[in-house]
Amino acid sequence: MGMAEQAPRLLDQVRERIRRLGYSRRTEQAYVGWIRRYVRFHGLRHPLDLGAAEMEAFLTHLAVVGNVAASTQNQALSALLFLYREVLDRELPWLEQVARSKKPKRLPVVLDRSEVAAVLAHLRGVERLVVELLYGGGLRLMECLRLRVKDVDIRRREITVRDGKGGKDRVTVLPGRVDEALQQQLEQAGELHRSDRELGHAGVWLPDALARKYPSAPSEWGWFWVFPADRLSVDPACGVLRRHHLGEKGIQRAVRRAARASGLHKPVSPHVFRHSFATHLLAGGYDIRTVQELLGHADVATTMIYTHVLNRGGRGVISPLDL
């Protein structure tokens with residue numbers, strides 16, 4: 001069955017199903033991309049004409065020829081599972097037999113306190129505030145950039161992370177040290193919010209279900225971004241011109257520059273500060289279950305990885321040479 005004319009319709013079905021289920025824009029882009037590559041890899045044949053051998057061939061090609069990471073290969077498989085189960089409504093037994101690559105067990109990169117301070121010293125303004133929240137509250141970068149005004153409670157010293165990884169909400173700590181900078185950021189965001197309302201711009205993006213339930217919410221201050229973008233942009237899902245939150249690439253570049261300027265030779269990304277948050281809490285004697293809750297890990301085994309990078313030498317052992 002040819003795919004020349006059917007591919008656009010199939011991908012439109014994928015997009016429609018993803019949006020109906022409330023998946024993120026990033027997930028939509030990734031899944032559509034992998035499904036397109038899968039179809040093209042097999043000469044534009046329809047996925048219903050393909051089976052276990054073709055699935056294995058595609059995933060093997062990714063690993064052997066494309067040399068992709070295990071996490072990338074697993075994302076491709078997840079996209080194909082979504083296609084068959086959610087779009088084509090096919091529960092095929094052989095899908096369960098397709099082997100997923102195992103992610104190699106690697107210790108996370110962690111900065112000590114002096115290294116964190118050195119990087120922060122080379123950051124300014126909103127970039128510094130974002131990184132302070134990553135380290136001070138254990139946030140993922142996009143969780144921080146997607147914060148709404150109502151989810152930051154300075155009085156209670158709490159940050160509520162909505163729809164984090166795995167679709168879960170959680171509460172984490174808001175460091176008191178950022179109070180002044182956060183107040184200034186909220187004042188600047190408030191000016192943009194007032195300007196947008198005066199000029200009649202569309203409100204901020206909300207998930208479809210929330211937008212239907214609370215039609216006025218997109219224009220309300222509480223739902224506005226803590227870190228709004230400087231410019232308006234077109235929402236790719238509906239074509240509406242509105243204000244999105246700050247993009248992650250600028251923060252990533254700023255962190256790399258600051259790490260180089262501070263003389264660090266470790267690979268430093270924004271996510272390293274989340275790793276450092278967890279490790280420093282454990283080193284400070286906090287219970288691992290508390291740290292698990294603050295990080296939003298579903299399994300404590302995920303949090304356990306930080307016990308292996310505590311600043312106490314290999315596995316906490318004192319070298320006999322030091323004795």
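Residues in the range 294-306 that are touching a residue at least 12 places away in the same chain (Cβ under 8 Å), more than 18 Å from residue 169 (Cβ to Cβ) and open to solvent by 50 Å² or more (accessible area, probe 1.4 Å): 304, 305.
Scanning the range 13-32 for residues that are open to solvent by 70 Å² or more (accessible area, probe 1.4 Å) and more than 20 Å from the chain's Cα centre (by Cα), we see that the one that is nearest to residue 210 (Cα to Cα) is 20. Of all residues in the range 161-220, those being in contact with a Pro (Cβ under 9 Å, 6 or more places away or on another chain), open to solvent by 70 Å² or more (accessible area, probe 1.4 Å) and either more than 20 Å from residue 25 (Cβ to Cβ) or in a helix (DSSP H, G or I) (or both) number 1. For residue 88, indicate whether it is touching a Pro at 6+ places or on another chain (Cβ under 7 Å), at pLDDT 95 or above and aliphatic (A, V, I, L, M). The answer is no for residue 88.
For the range 259-293, a residue qualifies if it is within 14 Å of residue 112 (Cα to Cα), among the charged types (D, E, K, R) and either open to solvent by less than 30 Å² (accessible area, probe 1.4 Å) or modelled with pLDDT of 95 or more (or both), and exactly one does: 274. Within the range 33-42, being more than 23 Å from the chain's Cα centre (by Cα) and either open to solvent by less than 10 Å² (accessible area, probe 1.4 Å) or of a type in the set (A, V, I, L, M) (or both) holds for 38, 39. Does the range 91-139 hold any residues that are of a type in the set (Asp, Glu) and modelled with pLDDT of 75 or more, and which are they? Scanning the range 91-139 gives 112, 115, 127, 132.
Pairs meeting the criteria (first residue in the range 28-57 and among the hydrophobic types (A, V, I, L, M, F, W, C), second residue outside any helix (DSSP H, G or I) and open to solvent by 40 Å² or more (accessible area, probe 1.4 Å), beta carbons under 9 Å, at least 6 apart or on different chains) are 39/45; 44/2; 44/4; 48/1; 48/90; 52/92. With the structure loaded, tell me whether residue 239 is outside any strand (DSSP E or B), modelled with pLDDT of 95 or more and farther than 30 Å from residue 292 by Cβ or whether it fails that test. For residue 239, the condition - outside any strand (DSSP E or B), modelled with pLDDT of 95 or more and farther than 30 Å from residue 292 by Cβ - is not met.
The values are calculated or read from the model by the stated rules, or taken from the named source; none is laboratory data. Computed from a predicted model, the values in this text were never measured in an experiment. Quick reminder, even Gly has a Cβ in these numbers, built from the backbone with ideal geometry, and neighbours come from all protein chains shown. Quick note on the areas: whole protein, heavy atoms, side chains included, nothing else; ligands and nucleic acids left out. Shrake-Rupley method; radii C 1.70, N 1.55, O 1.52, S 1.80 Å.
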